[in-house]
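These notes are about the structure you will find just below.
The values are calculated or read from the model by the stated rules, or taken from the named source; none is laboratory data. In this text the structure is predicted, and so the values were computed from the model without any measurement. Note that we place each Cβ from the backbone using ideal geometry, even for glycine, and neighbour counts take in every protein chain shown.
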Amino acid sequence: MKSALAIGAAISIVAISAQTAFAEKLFATSKLVTEDRFSDEIVGQGPDVIFIPGLASSRETWKAAAERLKDHFRIHLIQIAGFAGEEARSNAVGPVLTPTAKAIDAYLVEQHLTPATIVGHSLGGTIALYLTEKHPSDLKKILLVDALPFYPRLIGGPQATPESVKPLADAIRRGESQMTDAQQTQFLASMAMAQSDRDVIAGWRQASDKSAVANALADDFTLDLRPGLARISVPLTLIYPDYARLGTPPGTSDKIYRGDYAAVPHMTFARADNSLHFVMFDQPAQFNAALDAFLKD
(Lines give C-alpha, C1' and ligand atoms only; values in the text may rest on other atoms or scores of the structure.)
Protein backbone atom coordinates (compact mmCIF):
# COMPACT_ATOMS: atom_id res chain seq x y z
CA MET A 1 0.00 0.00 0.00
CA LYS A 2 2.69 2.46 0.99
CA SER A 3 4.60 2.45 -2.30
CA ALA A 4 1.54 2.71 -4.52
CA LEU A 5 0.05 5.56 -2.56
CA ALA A 6 3.39 7.31 -2.36
CA ILE A 7 3.64 7.30 -6.13
CA GLY A 8 0.13 8.66 -6.42
CA ALA A 9 0.70 11.37 -3.83
CA ALA A 10 3.99 12.56 -5.28
CA ILE A 11 3.17 12.62 -8.98
CA SER A 12 -0.59 12.67 -9.33
CA ILE A 13 -0.58 16.18 -10.79
CA VAL A 14 0.91 14.98 -14.05
CA ALA A 15 -1.05 14.19 -17.21
CA ILE A 16 -3.76 16.67 -16.29
CA SER A 17 -4.74 18.51 -19.42
CA ALA A 18 -6.75 21.60 -20.21
CA GLN A 19 -10.25 21.75 -18.81
CA THR A 20 -13.16 20.21 -20.63
CA ALA A 21 -16.83 21.11 -20.37
CA PHE A 22 -18.03 21.15 -16.78
CA ALA A 23 -21.28 19.30 -16.10
CA GLU A 24 -22.77 21.82 -13.68
CA LYS A 25 -25.49 19.66 -12.12
CA LEU A 26 -26.08 15.98 -11.46
CA PHE A 27 -29.78 16.34 -10.65
CA ALA A 28 -32.38 18.15 -12.74
CA THR A 29 -34.28 19.35 -9.68
CA SER A 30 -31.24 20.59 -7.74
CA LYS A 31 -30.06 24.13 -7.03
CA LEU A 32 -26.51 25.18 -7.90
CA VAL A 33 -24.69 27.80 -5.84
CA THR A 34 -21.34 28.98 -7.23
CA GLU A 35 -18.82 30.56 -4.89
CA ASP A 36 -15.29 31.68 -5.70
CA ARG A 37 -13.47 28.66 -4.26
CA PHE A 38 -16.14 25.99 -4.77
CA SER A 39 -19.68 25.29 -5.89
CA ASP A 40 -22.53 23.55 -4.09
CA GLU A 41 -25.25 21.46 -5.73
CA ILE A 42 -28.19 21.16 -3.34
CA VAL A 43 -30.78 18.41 -3.68
CA GLY A 44 -33.35 16.76 -1.43
CA GLN A 45 -35.08 17.74 1.76
CA GLY A 46 -34.44 17.15 5.45
CA PRO A 47 -31.39 17.66 7.70
CA ASP A 48 -28.39 19.08 5.85
CA VAL A 49 -25.38 16.89 5.00
CA ILE A 50 -22.34 18.34 3.24
CA PHE A 51 -20.24 16.08 0.99
CA ILE A 52 -16.73 17.14 -0.10
CA PRO A 53 -14.82 15.09 -2.73
CA GLY A 54 -11.08 14.60 -2.96
CA LEU A 55 -8.20 15.90 -5.06
CA ALA A 56 -9.14 16.49 -8.70
CA SER A 57 -12.46 14.78 -8.04
CA SER A 58 -16.00 15.61 -9.08
CA ARG A 59 -19.05 15.90 -6.85
CA GLU A 60 -20.13 12.84 -8.83
CA THR A 61 -18.09 10.89 -6.25
CA TRP A 62 -21.19 11.17 -4.06
CA LYS A 63 -23.95 10.78 -6.66
CA ALA A 64 -25.05 7.31 -5.51
CA ALA A 65 -25.15 8.47 -1.89
CA ALA A 66 -27.18 11.52 -2.85
CA GLU A 67 -29.63 9.42 -4.86
CA ARG A 68 -30.13 7.16 -1.85
CA LEU A 69 -30.44 9.87 0.78
CA LYS A 70 -32.14 12.82 -0.90
CA ASP A 71 -35.66 11.84 0.15
CA HIS A 72 -34.65 12.14 3.80
CA PHE A 73 -31.78 14.65 3.81
CA ARG A 74 -30.90 17.89 2.06
CA ILE A 75 -27.64 17.00 0.33
CA HIS A 76 -24.93 19.54 -0.43
CA LEU A 77 -22.53 18.29 -3.10
CA ILE A 78 -19.42 20.47 -2.99
CA GLN A 79 -17.01 20.68 -5.91
CA ILE A 80 -13.73 22.53 -5.47
CA ALA A 81 -12.96 25.16 -8.09
CA GLY A 82 -10.40 23.87 -10.58
CA PHE A 83 -11.28 20.21 -10.08
CA ALA A 84 -12.93 17.89 -12.62
CA GLY A 85 -13.61 20.60 -15.19
CA GLU A 86 -14.96 23.34 -12.96
CA GLU A 87 -13.42 26.75 -13.57
CA ALA A 88 -10.50 27.33 -11.21
CA ARG A 89 -11.31 30.95 -10.39
CA SER A 90 -9.16 32.02 -7.38
CA ASN A 91 -7.80 28.48 -7.05
CA ALA A 92 -5.84 28.94 -10.27
CA VAL A 93 -2.99 30.65 -8.42
CA GLY A 94 -1.54 30.25 -4.93
CA PRO A 95 -2.69 28.14 -1.98
CA VAL A 96 -5.88 26.13 -2.43
CA LEU A 97 -6.50 23.87 0.57
CA THR A 98 -6.82 26.25 3.51
CA PRO A 99 -8.43 29.13 1.56
CA THR A 100 -11.05 26.69 0.26
CA ALA A 101 -11.62 25.27 3.74
CA LYS A 102 -12.10 28.77 5.15
CA ALA A 103 -14.46 29.66 2.30
CA ILE A 104 -16.54 26.53 2.93
CA ASP A 105 -16.75 27.35 6.63
CA ALA A 106 -17.84 30.93 5.90
CA TYR A 107 -20.49 29.59 3.52
CA LEU A 108 -21.80 27.13 6.12
CA VAL A 109 -22.14 29.94 8.65
CA GLU A 110 -23.72 32.34 6.15
CA GLN A 111 -26.26 29.76 4.99
CA HIS A 112 -27.14 28.77 8.58
CA LEU A 113 -25.87 25.22 8.02
CA THR A 114 -23.94 25.10 11.29
CA PRO A 115 -23.26 23.06 13.27
CA ALA A 116 -22.62 21.11 10.09
CA THR A 117 -22.51 17.40 9.33
CA ILE A 118 -19.72 16.78 6.81
CA VAL A 119 -18.60 13.75 4.81
CA GLY A 120 -15.17 14.18 3.22
CA HIS A 121 -13.13 11.88 0.99
CA SER A 122 -9.33 12.12 0.84
CA LEU A 123 -8.48 15.84 0.40
CA GLY A 124 -12.13 16.58 1.21
CA GLY A 125 -11.57 14.75 4.48
CA THR A 126 -8.47 16.85 5.12
CA ILE A 127 -10.57 19.98 4.65
CA ALA A 128 -13.16 18.64 7.10
CA LEU A 129 -10.46 17.72 9.62
CA TYR A 130 -8.90 21.18 9.30
CA LEU A 131 -12.28 22.77 10.05
CA THR A 132 -12.72 20.40 12.98
CA GLU A 133 -9.54 21.76 14.53
CA LYS A 134 -9.96 25.42 13.53
CA HIS A 135 -13.73 25.97 13.76
CA PRO A 136 -15.11 23.25 16.06
CA SER A 137 -18.22 25.22 17.02
CA ASP A 138 -19.31 25.24 13.36
CA LEU A 139 -19.34 21.45 13.10
CA LYS A 140 -21.58 18.74 14.50
CA LYS A 141 -19.80 15.59 13.32
CA ILE A 142 -17.49 14.41 10.55
CA LEU A 143 -17.22 11.24 8.46
CA LEU A 144 -13.76 10.87 6.96
CA VAL A 145 -13.30 8.51 4.01
CA ASP A 146 -9.67 7.37 3.61
CA ALA A 147 -8.14 10.58 4.95
CA LEU A 148 -5.11 10.99 7.20
CA PRO A 149 -4.06 13.92 9.41
CA PHE A 150 -0.69 14.08 7.61
CA TYR A 151 -0.72 12.39 4.21
CA PRO A 152 3.07 12.37 3.55
CA ARG A 153 3.55 9.86 6.38
CA LEU A 154 2.69 7.27 3.73
CA ILE A 155 5.93 8.25 2.01
CA GLY A 156 8.22 9.09 4.89
CA GLY A 157 6.64 7.08 7.68
CA PRO A 158 5.61 8.40 11.11
CA GLN A 159 8.82 10.43 11.33
CA ALA A 160 7.90 12.56 8.28
CA THR A 161 7.45 16.28 8.90
CA PRO A 162 6.31 19.22 6.78
CA GLU A 163 9.95 20.32 6.65
CA SER A 164 11.22 16.95 5.42
CA VAL A 165 8.70 16.79 2.56
CA LYS A 166 8.87 20.50 1.65
CA PRO A 167 11.34 19.97 -1.24
CA LEU A 168 8.93 17.49 -2.81
CA ALA A 169 5.98 19.82 -2.17
CA ASP A 170 7.88 22.69 -3.81
CA ALA A 171 8.66 20.54 -6.84
CA ILE A 172 5.00 19.59 -7.15
CA ARG A 173 3.96 23.23 -6.89
CA ARG A 174 6.42 24.15 -9.64
CA GLY A 175 5.04 21.39 -11.85
CA GLU A 176 8.32 19.52 -12.04
CA SER A 177 7.00 16.04 -11.22
CA GLN A 178 6.52 13.79 -14.21
CA MET A 179 4.65 10.50 -14.38
CA THR A 180 5.42 7.74 -16.82
CA ASP A 181 2.59 5.76 -18.38
CA ALA A 182 3.44 2.80 -16.15
CA GLN A 183 3.39 4.98 -13.03
CA GLN A 184 0.08 6.51 -14.04
CA THR A 185 -1.39 3.05 -14.51
CA GLN A 186 -0.06 1.98 -11.10
CA PHE A 187 -1.47 5.10 -9.47
CA LEU A 188 -4.94 4.58 -10.96
CA ALA A 189 -4.79 0.93 -9.91
CA SER A 190 -4.59 2.13 -6.28
CA MET A 191 -7.71 4.29 -6.65
CA ALA A 192 -10.46 1.80 -7.52
CA MET A 193 -10.81 -1.86 -8.41
CA ALA A 194 -13.08 -1.65 -11.47
CA GLN A 195 -11.55 -0.39 -14.70
CA SER A 196 -14.72 1.59 -15.43
CA ASP A 197 -14.28 3.51 -12.16
CA ARG A 198 -10.60 4.10 -12.89
CA ASP A 199 -11.58 5.55 -16.26
CA VAL A 200 -14.01 7.96 -14.60
CA ILE A 201 -11.37 9.05 -12.07
CA ALA A 202 -8.82 9.52 -14.85
CA GLY A 203 -11.33 11.65 -16.76
CA TRP A 204 -11.84 13.91 -13.74
CA ARG A 205 -8.11 14.38 -13.39
CA GLN A 206 -7.64 15.13 -17.07
CA ALA A 207 -10.40 17.77 -16.86
CA SER A 208 -8.85 19.45 -13.82
CA ASP A 209 -6.82 22.65 -13.79
CA LYS A 210 -3.17 21.68 -13.51
CA SER A 211 -2.14 24.56 -11.25
CA ALA A 212 -5.09 24.16 -8.90
CA VAL A 213 -4.38 20.46 -8.41
CA ALA A 214 -0.63 20.98 -8.03
CA ASN A 215 -1.11 23.68 -5.41
CA ALA A 216 -3.75 21.71 -3.53
CA LEU A 217 -1.49 18.65 -3.39
CA ALA A 218 1.50 20.72 -2.28
CA ASP A 219 -0.69 22.33 0.39
CA ASP A 220 -1.69 18.88 1.60
CA PHE A 221 1.95 17.81 1.82
CA THR A 222 2.80 20.64 4.20
CA LEU A 223 -0.35 20.68 6.36
CA ASP A 224 0.22 18.57 9.47
CA LEU A 225 -2.94 18.24 11.56
CA ARG A 226 -1.51 15.65 13.97
CA PRO A 227 -0.59 18.11 16.76
CA GLY A 228 -4.22 19.19 17.16
CA LEU A 229 -5.87 15.77 17.23
CA ALA A 230 -6.03 15.44 21.02
CA ARG A 231 -7.95 18.72 21.28
CA ILE A 232 -10.70 17.77 18.82
CA SER A 233 -14.13 18.01 20.42
CA VAL A 234 -16.19 17.06 17.36
CA PRO A 235 -17.08 13.35 16.98
CA LEU A 236 -15.18 11.77 14.09
CA THR A 237 -15.85 8.59 12.14
CA LEU A 238 -13.28 7.16 9.74
CA ILE A 239 -13.90 4.50 7.12
CA TYR A 240 -10.67 3.27 5.59
CA PRO A 241 -9.77 0.59 3.00
CA ASP A 242 -7.70 -2.49 3.69
CA TYR A 243 -5.83 -2.17 0.37
CA ALA A 244 -5.70 -5.97 0.19
CA ARG A 245 -5.94 -5.73 -3.60
CA LEU A 246 -2.46 -4.18 -3.58
CA GLY A 247 -1.03 -7.03 -1.53
CA THR A 248 -1.06 -5.11 1.74
CA PRO A 249 -0.52 -7.53 4.65
CA PRO A 250 -3.54 -8.04 6.93
CA GLY A 251 -3.61 -5.54 9.76
CA THR A 252 -1.42 -2.93 8.05
CA SER A 253 -4.26 -0.51 7.36
CA ASP A 254 -5.57 -0.95 10.90
CA LYS A 255 -2.17 -0.06 12.32
CA ILE A 256 -1.75 3.02 10.14
CA TYR A 257 -5.22 4.56 10.36
CA ARG A 258 -6.10 3.66 13.92
CA GLY A 259 -2.62 4.59 15.06
CA ASP A 260 -2.66 7.99 13.39
CA TYR A 261 -6.00 8.90 14.96
CA ALA A 262 -5.34 7.33 18.37
CA ALA A 263 -5.21 10.73 20.09
CA VAL A 264 -8.72 11.81 19.00
CA PRO A 265 -11.06 11.71 22.04
CA HIS A 266 -14.26 10.77 20.18
CA MET A 267 -13.33 8.48 17.28
CA THR A 268 -15.22 5.66 15.54
CA PHE A 269 -13.50 3.38 13.02
CA ALA A 270 -14.85 1.23 10.20
CA ARG A 271 -12.63 -0.78 7.86
CA ALA A 272 -13.79 -1.47 4.31
CA ASP A 273 -12.55 -4.91 3.31
CA ASN A 274 -11.41 -5.64 -0.23
CA SER A 275 -11.35 -1.95 -1.07
CA LEU A 276 -9.01 0.68 -2.47
CA HIS A 277 -9.08 4.48 -2.13
CA PHE A 278 -12.58 5.12 -3.51
CA VAL A 279 -14.41 3.05 -0.92
CA MET A 280 -17.81 4.27 -2.11
CA PHE A 281 -17.09 2.76 -5.54
CA ASP A 282 -15.39 -0.48 -4.50
CA GLN A 283 -17.59 -1.46 -1.56
CA PRO A 284 -20.85 0.53 -1.70
CA ALA A 285 -22.62 -1.73 0.82
CA GLN A 286 -19.87 -1.28 3.41
CA PHE A 287 -19.72 2.45 2.72
CA ASN A 288 -23.50 2.80 2.97
CA ALA A 289 -23.55 0.94 6.28
CA ALA A 290 -20.90 3.28 7.72
CA LEU A 291 -22.66 6.34 6.34
CA ASP A 292 -26.06 5.26 7.71
CA ALA A 293 -24.59 4.58 11.14
CA PHE A 294 -22.89 7.97 11.07
CA LEU A 295 -26.12 9.79 10.13
CA LYS A 296 -28.29 7.85 12.55
CA ASP A 297 -27.73 10.06 15.60
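Some points to look at:
- Scanning the range 169-201 for residues that are at pLDDT 95 or above and within 20 Å of A88 (Cβ to Cβ) gives a single hit, I201.
- Residue identified as out of contact with any Gly (no Cβ under 6 Å at 6 or more places or on another chain), in a loop (DSSP other than H, G, I, E, B) and at negative phi among A192, A171: A192
- Inspection of the range 289-297 finds a residue satisfying the criterion of being out of contact with any Phe, Trp or Tyr (no Cβ under 6 Å at 6 or more places or on another chain), surrounded by fewer than 17 Cβ atoms within 10 Å (Cβ to Cβ), part of a loop (DSSP other than H, G, I, E, B) and touching a residue at least 40 places away in the same chain (Cβ under 8 Å).
- Where P149 falls short, out of the listed (1) assigned to a loop (DSSP other than H, G, I, E, B); (2) without any contact (Cβ under 8 Å) to a residue 24 or more places away in the chain: (2)
- Condition check for Q206: more than 18 Å from the chain's Cα centre (by Cα) and either in contact (Cβ under 8 Å) with a residue 60 or more places away in the chain or surrounded by 15 or more Cβ atoms within 10 Å (Cβ to Cβ) (or both): no
- Criterion violated by E67 - all others in (1) touching a residue at least 12 places away in the same chain (Cβ under 8 Å); (2) within 19 Å of F278 (Cα to Cα) satisfied: (1)
- Within the span defined as the range 209-229, one or more residues are among the small types (G, A, S), touching a strand residue (DSSP E or B) at 6+ places or on another chain (Cβ under 9 Å) and under 30 Å from N91 (Cβ atoms).
- When the range 27-63 is limited to residues that are among the aliphatic types (A, V, I, L, M), closer than 20 Å to L139 by Cα and in contact (Cβ under 8 Å) with a residue 40 or more places away in the chain, the one that is surrounded by the fewest Cβ atoms within 10 Å (Cβ to Cβ) turns out to be I50.
- When the range 91-133 is limited to residues that are assigned to a loop (DSSP other than H, G, I, E, B) and not hydroxyl-bearing (S, T, Y), the one that is surrounded by the fewest Cβ atoms within 10 Å (Cβ to Cβ) turns out to be H112.
- Residue check, L148 under 24 Å from Y261 (Cα atoms) and crowded, with 22+ Cβ neighbours inside 10 Å: yes
- Top-ranked residue of the range 70-90 - restricted to ones that are of a type in the set (A, V, I, L, M, F, W, C) and touching a residue at least 40 places away in the same chain (Cβ under 8 Å), ranked as surrounded by the fewest Cβ atoms within 10 Å (Cβ to Cβ): F73
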